[in-house]
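See below for the structure under consideration.
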Amino acid sequence: MSDMMKDCEATIGRLIDKQTTAFVSSVDLDGFPNTKAMLSPRKRIGIQTFYFTTNTSSMRAAQYRENPKACIYFCDKRYFRGVMLIGTAEILEDTKSREMIWREGDTMYYPEGVTDPDYCVLKITVTKGRYYSNFHSETFAVPAVKPITPE
């Protein structure tokens, strides 16, 4: 990874971490984009992988199951800059994934707790993005995260 990409990744990471809202897009059955505001991701690995909580029964989960194309947009309104991240989505319902991002207080949304059948994890893996700042946009590739192998 080049030094420029590392700086880019750090800059974009800081922008993401300061936002409380993410705009997440899926594709409906007619091929049209559908965008929704969501709480910021519960976990991220660099700018490559993002984990959100969502409802198993949601329209968004059904759309991602049908067509995994996904987009996330983070906007810093104060400095009028933003980043669009494009990739693919997965709906994860395994125990390990659910426990990884579960937080105290989530029972407000999922009364049955971490095993609530309507609780799942939305994982978005990013392959490219576009960053906007100072009246300029730049497209960039996002390198895949190398899997961590136990020693």
Would you check which residues across region 66-82 are closer than 30 Å to His136 by Cβ, open to solvent by 70 Å² or more (accessible area, probe 1.4 Å) and either charged (D, E, K, R) or touching a His at 6+ places or on another chain (Cβ under 8 Å) (or both) and list them?
Lys69, Lys77, Arg78
Some residue of region 43-62 being assigned to a helix (DSSP H, G or I), buried (at least 16 other Cβ atoms within 10 Å of the Cβ) and in contact with a strand residue (DSSP E or B) (Cβ under 8 Å, 6 or more places away or on another chain)
yes
Quick one: in region 110-133, of everything that is of a type in the set (Ser, Thr, Tyr) and in contact with a helix residue (DSSP H, G or I) (Cβ under 8 Å, 6 or more places away or on another chain), which residue is least open to solvent (accessible area, probe 1.4 Å)?
Tyr119
When residues of region 83-109 are limited to those that are more than 16 Å from the chain's Cα centre (by Cα) and touching a residue at least 40 places away in the same chain (Cβ under 8 Å), the one least open to solvent (accessible area, probe 1.4 Å):
Asp106
Subset of region 53-98 [among the β-branched types (Val, Ile, Thr) and under 13 Å from Lys36 (Cα atoms)]
Thr54, Ile72
Within region 43-62, of all residues that are under 20 Å from Lys128 (Cβ atoms) and not β-branched (Val, Ile, Thr), the one nearest to the chain's Cα centre (by Cα) is Phe50
Of all residues in region 18-42 being farther than 19 Å from Pro68 by Cβ and more than 12 Å from the chain's Cα centre (by Cα), the one that is surrounded by the most Cβ atoms within 10 Å (Cβ to Cβ):
Gln19
Being touching a strand residue (DSSP E or B) at 6+ places or on another chain (Cβ under 9 Å) and in a strand (DSSP E or B) is the requirement here; does Met84 meet it?
yes
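The values are calculated or read from the model by the stated rules, or taken from the named source; none is laboratory data. Not measured: the values here are computed from a predicted model. Cβ: placed from backbone, ideal geometry, glycine included. Neighbour counts: every protein chain shown. Remember, those area values only see protein heavy atoms, side chains included, never the ligands or the DNA or RNA. Shrake-Rupley method; radii C 1.70, N 1.55, O 1.52, S 1.80 Å.
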